[in-house]
Structure formats: structure tokens, C-alpha cells
Amino acid sequence: MDSILVTGNGPLNGAIPIAGAKNACLTLMPATLLSEEPLTLTNAPRLSDIRTMTSLLQSLGAEVTALQDGKVLAMSSHAIDNHTAHYDIVRKMRASILVLGPLLARDGHAVVSLPGGCAIGARPVDLHLKALEAMGAELDLRDGYVHAKAPGGRLHGGVVDFPLVSVGATENALLAATLAKGTTVLKNAAREPEIIDLAECLIRMGAQIEGHGTSTVTIQGVERLNGATHPVVTDRIELGTYMLAPAICGGEVELLGGRRNLLEAFCQTLEQAGVEVTDTDTGLKVTHKAGRVKAVDVVTEPFPGFPTDLQAQMMALMCTADGVATLEEKIFENRFMHAPELMRMGAQIDLQGGTAKVTGVDRLKGAPVMATDLRASVSLILAGLAAEGETRVSRVYHLDRGYEHVVRKLSSVGAKIERIKES
């Protein structure tokens with residue numbers, strides 16, 4: 001099992017290109033199931049999760065071809081011959097549940113295993129199922145699978161009022177509603193950039209959608225969707241992660257392709273900590289010249305609030321901040337599993353339920369640590385960049401799910417980091 005070796009090496013300087021968004025691409029790929037015509041995605045990230053979704057779609061009969069070194073995904077679902085998404089693939093990734101809505105909308109029936117993924121909380125799929133039921137789906141959960149059918153072979157419009165904001169459930173409902181008969185209204189819908197990106201792709205395919213990016217989305221179902229070519233939006237979580245690298249180590253790094261409107265709350269938090277964030281012609285530039293950043297409090301919230309997927313990385317920054325920071329996790333339970341590993345490096349962290357109090361120290365010390373999930377893995381790498389001595393991060397297969405070429409990208413701006421291949 002591979003590990004990553006990081007050695008504190010001073011300030012970082014240079015530029016890092018930001019890939020297309022993993023969470024957007026995983027949502028866009030199932031949209032191919034809604035049409036018999038080709039769907040092509042450009043600016044696709046090259047990640048293990050994308051390969052998993054590729055395998056899932058291929059198991060259903062879709063054709064998926066990676067072009068231009070994986071940056072372009074050419075897909076066609078003209079011959080769907082299987083409507084069962086099996087456990088052996090679905091268990092690897094929670095986004096697999098997103099094939100349920102499209103299969104049900106297109107052909108009126110589907111059988112999908114309950115999904116797996118990172119162990120950062122229960123993250124049940126009940127909101128997905130309730131949304132589909134509001135569109136007339138009949139659902140039966142047995143033996144770990146969702147057996148779904150649409151009476152008469154087609155979903156119908158309905159009002160879906162989400163009791164809490166759910167990105168995945170909003171995506172599944174949006175996908176399904178495009179081919180439902182009549183009008184569907186999604187209330188308390190998620191507003192993330194990935195939702196907007198999905199809606200814009202579906203509109204390119206001929207869907208009639210209004211209000212995406214707000215809490216109320218209206219979809220007028222159409223008879224069929226056509227093919228399209230769509231660029232995947234910039235990955236705001238990768239963007240935020242690499243923005244934190246010079247904040248932790250010092251230096252000046254430009255994030256190519258970055259946009260402030262993807263991470264306004266995060267940018268404001270960095271600025272409150274004393275980190276400079278400026279727009280450039282080609283992205284965002286982050287500058288932190290010298291000294292410790294200021295401790296700042298963080299509360300994770302749905303977009304446009306502070307992203308839960310940047311909480312672990314922000315905690316790494318706060319470990320060496322001047323003062324005491326409080327980080328409150330309101331999206332997922334069990335998302336402080338990186339804290340004990342940071343404490344192995346000398347961090348002072350007090351955990352109380354969904355709140356972490358972090359008292360900054362002058363310097364972390366390198367240590368062997370273990371990644372517990374995707375975002376935790378990169379938070380330990382960030383901490384290692386600013387630590388004294390060597391930090392060895394094990395179980396980095398988590399990292400491969402969400403960050404392409406992390407060693408190459410950080411090395412290009414002066415980080416001392418290498419991947420250790422192990423049998």
C-alpha cells in the first residue's frame with residue numbers, strides 16, 4: 001500500500017493548475033443515461049472515482065471512452081441493456097446512487113445497490129428516495145438494493161420539498177425530473193456550483209430548467225434529450241486545498257483556473273486569517289509572506305457557506321495559527337477523524353461532539369500518520385508541508401479518489417514530497 005513522504009521545506013512559489021471538479025463530473029456522467037445521443041465532457045479530472053463511475057456506466061451498457069489523456073470523456077447510452085447497478089461497484093462510491101434517477105426516468109425501472117464511500121457519517125439516501133416518490137416512483141428496499149419502477153413506465157412531475165439541503169438528492173431529483181411528464185418543483189434545493197453545472201449541461205441537452213443556483217428549481221419535463229458537449233466546472237475543493245498550501249508554508253502561489261465566486265466564504269475566512277487572496281487574469285493568487293496566521297472560527301454550511309470538504313484542510317492551517325480557533329462541523333458527523341492524526345504531529349485539539357477547539361502551536365513535528373478519508377488525507381499532507389522533519393502519510397488510496405497528480409503539483413511549487421510505492 002503506497003504512502004506519501006512529506007518534508008517541511010519552507011515557502012512555496014509558482015503556479016498550480018486546478019482540475020475539473022470531481023463532484024461535478026460524477027454527477028454529469030450519469031446524465032448520459034438520459035439520452036440515446038452522445039454526451040461529451042471536457043476538462044474531466046483523472047481520478048479513481050471517475051474510473052469507478054466509468055465502470056458502473058459500462059456495466060449498464062453505456063459506452064465510455066477517455067480521450068486526451070483522460071481529460072475528455074466521450075459517452076453514449078444508445079444501447080442500455082442492464083438496469084441493475086450491482087453492489088460490487090456501487091459499494092466503492094456514494095455517487096453511484098446517481099444512476100437511479102436517470103435509469104428510472106428513461107426506462108421506468110431500475111435496481112440499484114445502496115452505496116458505500118468514505119466513512120464520514122451515515123449519509124443516508126432517504127432524501128433521494130423521497131424525491132423520486134414525489135415523482136410517482138414505487139420503491140421497494142430489500143436485500144441491500146433499491147427496486148424502483150414508474151407506473152406506466154414514466155415518472156410524473158411533483159413538488160419535492162427537501163427537509164434539509166442535500167446536494168446528492170437535489171442532483172438525483174434534477175436528473176430524473178428532466179424526462180418526467182409535467183412540471184417538477186424542487187424546494188430547499190442545494191445551490192452548489194456543481195448543481196448549476198449539472199443544470200447547464202442538461203439545458204444543453206434540451207432540458208427545460210429554471211432557478212438553478214437558487215433554493216427553488218423548476219423543471220418542465222420533455223419527451224427526450226439530445227446529445228451535447230459540456231466543460232466540467234473547476235474543482236472548488238481542489239482549489240481551496242491548494243490555496244491553503246502557501247497559507248500554511250508561506251510564499252505566493254497562483255491557482256490557474258480558480259474563481260473567487262466558487263469559494264467566497266472560504267476566501268473571506270482566509271483573509272480574516274491574514275492571508276492575501278487576489279484575482280489574476282488566469283485564476284487566483286494566494287500570498288502569505290511571513291509569520292503565523294491569525295486563528296479564525298469556522299462553521300461548515302451548505303453553499304454559499306464554508307464547505308465541509310475544506311474543514312479538515314482548514315484545521316491543518318489552524319494548528320499553527322496564533323490563538324485559539326473553533327471549527328464546528330454541521331454537515332457530516334464523524335468528520336474529525338483527522339484530528340487524532342494531527343495531534344500525533346503535536347497539534348493541540350480538543351474535540352467535543354461536532355466542535356473542535358484548536359490551540360495553535362509554533363511548529364508541528366513530522367510523524368507517521370494515517371489517512372482516514374479523502375479530505376483527511378490531504379489535510380495531513382498540508383500539515384506535513386509546514387512540519388519539522390518528515391511526515392509519512394499512509395493509506396493514500398483515499399487521496400487518489402479526489403486529487404490528480406498531487407505530488408507533481410505540490411513539487412512544482414517547491415514542496416519536498418514524494419510517493420513511496422509499496423508492495
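Coordinate-derived values only; no laboratory data. As the structure is a prediction and not an experimental result, all values here were calculated from the model. Don't worry about glycine lacking a Cβ; one is built from the backbone with ideal geometry, like all the others, and counts go over all protein chains shown.
Results, tabulated for the structure shown:
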read-out: Computed helical MRE - 222 nm, the chain, DSSP H runs ≥ 4 contributing -39500 (n - 2.57), nearest 500; value: -8000 deg cm²/dmol
read-out: Alpha carbon centroid spacing (whole Å) that separates segment 298-342 from segment 124-152; value: 34
read-out: Inter-site label distance for ASP322 and LEU256 at 7 Å from Cα along Cβ, in nm; value: 3.5
read-out: For segment 159-217, average projected area of the Cα convex hull in nm²; value: 3.4
read-out: Span per principal axis, largest first, for the Cα atoms of segment 266-423 (Å); value: 43, 42, 31
read-out: For the chain, size of Cβ-based charge dipole, Lys and Arg +1, Asp and Glu -1, in debye; value: 480
read-out: Pair VAL361, ASP88: separation of 7 Å Cα→Cβ label points (nm); value: 4.6
read-out: 3J(HN,Hα) from dihedral phi, segment 21-35, Karplus parametrisation 6.51/-1.76/1.60, rounded to Hz, x for glycine, proline; value: 6, 4, 5, 6, 4, 5, 7, 6, 4, x, 4, 4, 5, 7, 9
read-out: About the Cα centre, charge dipole magnitude for segment 22-231 (Lys/Arg +1, Asp/Glu -1 at Cβ), debye; value: 260
read-out: Extension gain, ARG224 back to ARG46 (0.36 nm per residue minus Cα-Cα distance, nm); value: 61.1 nm
read-out: Set LYS130/LYS187; LYS149/LYS181; LYS22/LYS71; LYS365/LYS416 screened for pairs whose C-alpha atoms are more than 18 Å apart; value: none
read-out: For segment 362-421 versus segment 248-284, the gap between their alpha-carbon centres in whole angstrom; value: 21
read-out: Whole-number D in µm² s⁻¹ for segment 277-351, Kirkwood Cα-pair radius fed into Stokes-Einstein, 25 °C, 0.890 mPa s; value: 177
read-out: Separation of the GLN208 and GLU133 label points, Cα + 7 Å toward Cβ, nm; value: 2.9
read-out: Share antiparallel - DSSP beta bridges, the chain, percent rounded to 5; value: 70
read-out: For segment 94-219, Kirkwood radius (reciprocal of mean inverse C-alpha pair distance, Å); value: 14.3
read-out: Along principal axes, Cα extents of segment 22-231, largest first, whole Å; value: 42, 37, 34
read-out: Under 5 Å, built H, 5+ apart or other chain: amide partners of ALA85; value: VAL111, VAL112, SER113
read-out: Extension gain, ASP279 back to LYS330 (0.36 nm per residue minus Cα-Cα distance, nm); value: 15.4 nm
read-out: DSSP bridge orientation in segment 22-231 - percent antiparallel, rounded to nearest 5; value: 70
read-out: Which of VAL125, VAL232, VAL222 has the fewest Cβ neighbours within 10 Å, and the rest in rising order; value: VAL222, VAL125, VAL232
read-out: Potential lengthening between LYS294 and ASP143 on full extension [0.36 nm per residue; Cα-Cα distance subtracted]; value: 49.2 nm
read-out: Qualifying aspartates and glutamates (Cα of each under 17 Å from Cα of LYS357; at least 8 residues distant if same chain); value: ASP297, ASP322, GLU328, GLU329, GLU333, GLU341
read-out: ³J(HN,Hα) computed for each position of segment 345-355 - Karplus, 6.51 cos²θ - 1.76 cosθ + 1.60, integer Hz, glycine/proline x; value: 9, x, 5, 10, 10, 10, 9, 9, x, x, 10
read-out: Crossing angle, helix 48-59 versus the chain [Cα axis fit, 0-90 degrees, rounded to tens]; value: 10
read-out: Ranking of MET318, MET343, MET135 by count of other Cβ atoms within 10 Å, fewest first; value: MET343, MET135, MET318
read-out: By average C-beta atoms within 10 angstrom, highest first, the peptides 391-401, 260-270; value: 391-401, 260-270
